[in-house]
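Worksheet for the structure shown next.
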Amino acid sequence: MLKNFVTPDLYPAMPELFLLVMSCVLLLVDAFLGRAQRWITATLTLITLAGCALITYQTMDGQVVLTFSNMFVDDLLADFLKLLLYFSVIIAIIYSRDYLAARGLDKGEYYLLVLYATLGMMVMISAAHFLTLYLGLELLSLSLYALVALDRDSSRATEAAMKYFVLGALASGLLLYGMSMVYGATGTLEIGGVAQALHLGVANKTVLVFGLVFIVAGIAFKLGAVPFHMWVPDVYQGAPVPITLLIASAPKLAAFAMALRLLVYGLFDIAEHWQNMLLILAVLSIALGNLAAIAQSNVKRMLAYSAISHMGFLLLALLSGTVGPDRHYALNAYSSALYYVVAYVIMSLGAFGMILLMSRAGFEAERIDDFKGLNRRSPWFAAVMMVLMFSMAGIPFFIGFFAKFAVLLAAVDAGHVAVAVFAVIFSLIGAFYYLRIVKLMYFDAPEESAPIKASPDMRFLLSVNGAAVALFGLFPDALMSLCTYALLRSL
């Protein structure tokens, strides 16, 4: 057996290996640190993520490289998503430090679980095999379950973690069952092998489509799309704000990669089947997400339903890849989807960062009314929040507008004109709950007059976050071109 063993090329997986080694080192170091030295753990975590970014950048050569017996792929799309992932997690950690410290939650477990979740997302992004994808997904999911329950004294957080765990286990089972059906239909677990079996016509299409239903259900759960959205509002509301911030941002990049690898890279030749499924999920998500968000008085729950509607737009972009000989429209649709998920992550980081800023020891800024009169307490942060809300609503000229515009153009090009009109109508309906927060900040009297205090790093990062939303809206071509190039070199 050992004679036939081929030593894998470890170079493409260097970021993952570095993160794994450093998380083990961090685990040992943290065991010897007291509460007063917790800043060392936080600093090492940030250094680890920065190191991963540097290694990923150094290994980025634009070539598609397969290793570990074709189970792991390193391409430009993976490198691009991983760099975005590192920066998202770094920003989430910096935003969260003051909040966690004020509540005694800045434990070593938090930083370690964040690193393990990041490792799971990295594996998902580079998965070229069903088993690799599933291992990355489970590592991410188990880390998030534990993070949601990080505040052990909170019954609400414990309840949210249990709901997330039970529904997540069910979704993982559905996904695994779907993968087993695809294996039975094609005889391979490699994503590229599945695509080849379909292209050669040797796959059992009946069994394959049956398994596809379960795979789409698993993807929809990770994205939080209707009707697999039940966990989203409860987990967003029940988890501590820093954990909600993490769940709302970085995992969306990994879920997008998972959907793209499975559906586009592996199952493109039966796209007419999964496009119809995604069409139903997209329409339901856009409608329910926007309508349910209007009735919310809790800002975390409102942003949860907002996330569901945004994932509907993402699915609309994914299903707009036209099936046929002309792959130009397909590339345009998938680059629009990538652009949309990047835009959403940037906006989501800023929105939950503002909630963290407004929260303080003994007070959670979770009610929409907590934003009343913010302009009088801090004009600058009120302006940042206004930019974020305008962008999420899709108002010109912010990144959210161009993200939605790109998706709608892709949908129209693919012939889904009626769905595009439907999405526009519900976006207009959804603008109400975003503009309501702007109205409260600028036209209502504050419930308290104390000025907003922010640490220098928090003030700087939130300002940069708001500026990025505005600048990428004014100059959208650079990011859009980058998304298109990353996909073009990886498809």
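The values are calculated or read from the model by the stated rules, or taken from the named source; none is laboratory data. This one's a predicted model, so the numbers in the text were calculated from it and none came from an experiment. A quick note on method: Cβ atoms are made from the backbone with ideal geometry, for glycine too, and the neighbour counts reach across all protein chains shown. Areas reflect the complete protein model, heavy atoms only, side chains present, ligands, DNA and RNA absent. Shrake-Rupley method; radii C 1.70, N 1.55, O 1.52, S 1.80 Å.
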(Q) Please report the spacing between the Cα centers of segment 175-193 and segment 269-293 in Å, no decimals. (A) 24
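Just how large is the dipole of segment 359-431 about the Cα centre, in debye to the nearest 20, putting +1 at every Lys and Arg Cβ and -1 at every Asp and Glu Cβ?
280
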(Q) Using alpha carbons only, how many angstrom separate the centre of segment 433-491 from the centre of segment 22-88? (A) 25
Q: State the answer as a single residue: which of Gly415, Leu208, Phe68 lies farthest towards the positive end of the charge dipole of the chain, with beta carbon charges of +1 for Lys and Arg and -1 for Asp and Glu, about the Cα centre.
A: Gly415
Q. When only Cα pairs under 8 Å and 6 or more residues apart are kept, what is the percent relative contact order across the chain?
A. 14
Q: With a 1.4 Å probe and every protein chain left in place, work out the accessible area per residue of segment 369-491 in Å², rounded to a whole number.
A: 47
(Q) Run the helix sum for the chain: -39,500 (n - 2.57) per DSSP H stretch of 4+ residues, divided by residue count, reported at 222 nm to the nearest 500 deg cm²/dmol. (A) -24500 deg cm²/dmol
Q) HN-Hα J couplings of segment 400-405 from phi, Karplus 6.51/-1.76/1.60, θ = phi - 60°, integer Hz, Gly and Pro as x? A) x, 5, 5, 5, 5, 4
Q: Filter the cross-link list Lys107/Lys252; Lys252/Lys300; Lys300/Lys372; Lys372/Lys453 down to pairs whose alpha-carbon distance in this structure exceeds 21 Å.
A: Lys107/Lys252
Q. Can you list the HN-Hα couplings for segment 146-162, worked out from phi with the Karplus curve (6.51, -1.76, 1.60; θ = phi - 60°), rounded to whole Hz and with x for Gly and Pro?
A. 5, 5, 4, 8, 4, 7, 5, 7, 9, 5, 5, 5, 5, 5, 4, 5, 5
Q | Accessible surface of Leu200 - all protein chains present, 1.4 Å probe, nearest 10 Å² | A | 120
Q: Search the structure for amide H atoms under 5 Å from the amide H of Phe72, placed 1.01 Å from N in the peptide plane, and list their residues when 5 or more places away or on another chain.
A: Thr67, Ala128
Q. Once amide H atoms are built 1.01 Å from N in the peptide plane, which residues 5 or more positions from Arg360, or in another chain, come under 5 Å H to H?
A. Ala365
Q: Determine the relative contact order of segment 1-73: mean sequence separation of Cα pairs under 8 Å and six or more apart, normalised by residue count, in whole percent.
A: 47
Q. Using θ = phi - 60° and the Karplus form 6.51 cos²θ - 1.76 cosθ + 1.60, what ³J(HN,Hα) does each residue of segment 133-138 get, whole Hz, x for Gly and Pro?
A. 4, 5, 5, x, 5, 5
Q.
Report the Cα centroid-to-centroid distance between segment 112-152 and segment 372-414 in angstrom, as an integer.
A. 30
